[in-house]
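Just so it is clear, none of the values below were taken in a lab; they were calculated from the coordinates. What you see is a predicted model; the values in this text were computed from it and never measured. A quick note on method: Cβ atoms are made from the backbone with ideal geometry, for glycine too, and the neighbour counts reach across all protein chains shown.
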Amino acid sequence: KQIAIFASGAGSNARQLIRHFQHSPLARVSLIVCNKPGAGVLDIAAEYGIPTLLLDRQLFLNTDTYIKELKARHIDFVVLAGFLWKVPANLVQAFPQRIINIHPALLPKYGGKGMYGNFVHEAVIAAGETESGITIHYVNEFYDEGAPILQERCTITPDDTPATLAQKIHLLEHQWYPVIVERLLSQLPQ
Ligand code: GRF
């Protein structure tokens with residue numbers, strides 16, 4: 001199976017996924033799709049020799065050129081890992097139940113527009129929450145609203161800052177995302 005990762009940022013989750021599947025008989029990360037020139041994830045792709053596709057916003061929103069490219073490359077599964085654009089309906093329809101996302105909080109709380117990166121953790125701490133976590137979910141046309149697949153929790157201590165909470169969350173993400181992607185891929189028809 002061929003996995004495409006969509007990412008906009010540093011790419012630490014992308015790195016974990018690439019490494020997890022590097023020698024897997026089941027699947028391979030075979031494309032990194034990015035919307036941000038200079039993003040760290042592009043360096044990671046280069047490091048592992050994985051082809052990249054840089055997305056133009058107008059093409060992404062108004063055409064299916066890049067979807068044709070995904071199909072031509074025989075992509076079976078799309079994994080969003082810190083991808084900051086909302087996914088348009090034509091992409092969802094092209095990969096039904098085959099696009100998942102990871103969100104650094106316990107949805108449905110702290111989801112939606114503006115809830116990304118450390119803004120999420122700031123909001124969670126400001127609200128006085130004593131726990132946070134990760135949500136892995138299917139992607140539909142509505143931001144952060146697709147069916148949940150897995151949630152894992154971590155404790156927030158009084159000395160936590162958005163930065164330390166981000167570290168805890170990243171650990172959970174790196175631990176769980178590859179495992180869940182593998183589980184879902186193994187359930188796909190051949
Ligand atoms: C992750 O925390 C993910 O949950 C969020 O963006 C972050 C991406 O981090 N949507 P990285 O680029 O994988 O390091």
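Brief remarks follow.
- For the chain, a Gaussian network of Cα nodes joined below 10 Å ranks Leu53, Leu26, Leu84 by mean-square fluctuation, and the top entry is Leu26.
- Between helix 117-126 and the chain there is an angle of about 20 degrees, using the helix long axis and the longest principal axis of the Cα atoms.
- The calculated 222 nm mean residue ellipticity attributable to helices in the chain amounts to -12000 deg cm²/dmol, summing -39500 (n - 2.57) over DSSP H runs of n ≥ 4 and dividing by all residues.
- Acute angle (nearest 10 degrees) that the helix 12-21 long axis makes with the longest principal axis of the chain, alpha-carbon atoms: 50
- Annotation note: trypsin sites (Lys or Arg not before Pro) in the range 10-75 located in DSSP loop regions with a Cβ neighbour count of at most 16 within 10 Å are Arg73.
- Label-point gap, in nm, between Arg153 and Gln22 - each point 7 angstrom along Cα→Cβ: 3.5
- Nearby lysines by direct alpha-carbon distance to Lys168 (threshold 21 angstrom, same-chain neighbours under 8 apart not counted): Lys109
- The alpha carbon gyration tensor of the range 11-107 gives principal lengths a ≥ b ≥ c with a/c below 1.5, which makes the shape rounded.
- Within the chain, percent of DSSP bridges classed antiparallel, to nearest 5: 40
- Near Thr135, the amide H atoms lying under 5 Å from its own belong to His103, Ala105, Leu107; only residues 5 or more places off or on other chains count, and H is placed 1.01 Å from N.
- Between helix 162-187 and the chain there is an angle of about 40 degrees, using the helix long axis and the longest principal axis of the Cα atoms.
- The distance between label points at Glu141 and Arg73 comes to 2.6 nm (points 7 Å beyond Cα on the Cα→Cβ vector).
- Likely footprinting exposure, Thr135, Thr161, fewest C-beta neighbours within 10 Å first: Thr161, Thr135
- Sorting the Cα pairs of the range 12-52 by distance into bins of 5 Å, from 0 upward, gives 6, 25, 36, 22, 9, 3, 1 percent per bin.
- Straight-distance crosslink candidates among lysines, where the alpha carbon sits under 30 Å from Lys68 and sequence neighbours closer than 8 are dropped: Lys1, Lys36, Lys86, Lys113
- Across the chain, the relative contact order, built from alpha-carbon pairs under 8 Å that are at least six residues apart, equals 20 percent.
- Size descriptor, Kirkwood hydrodynamic radius, that averages inverse alpha-carbon separations across the range 2-187, Å: 16.7
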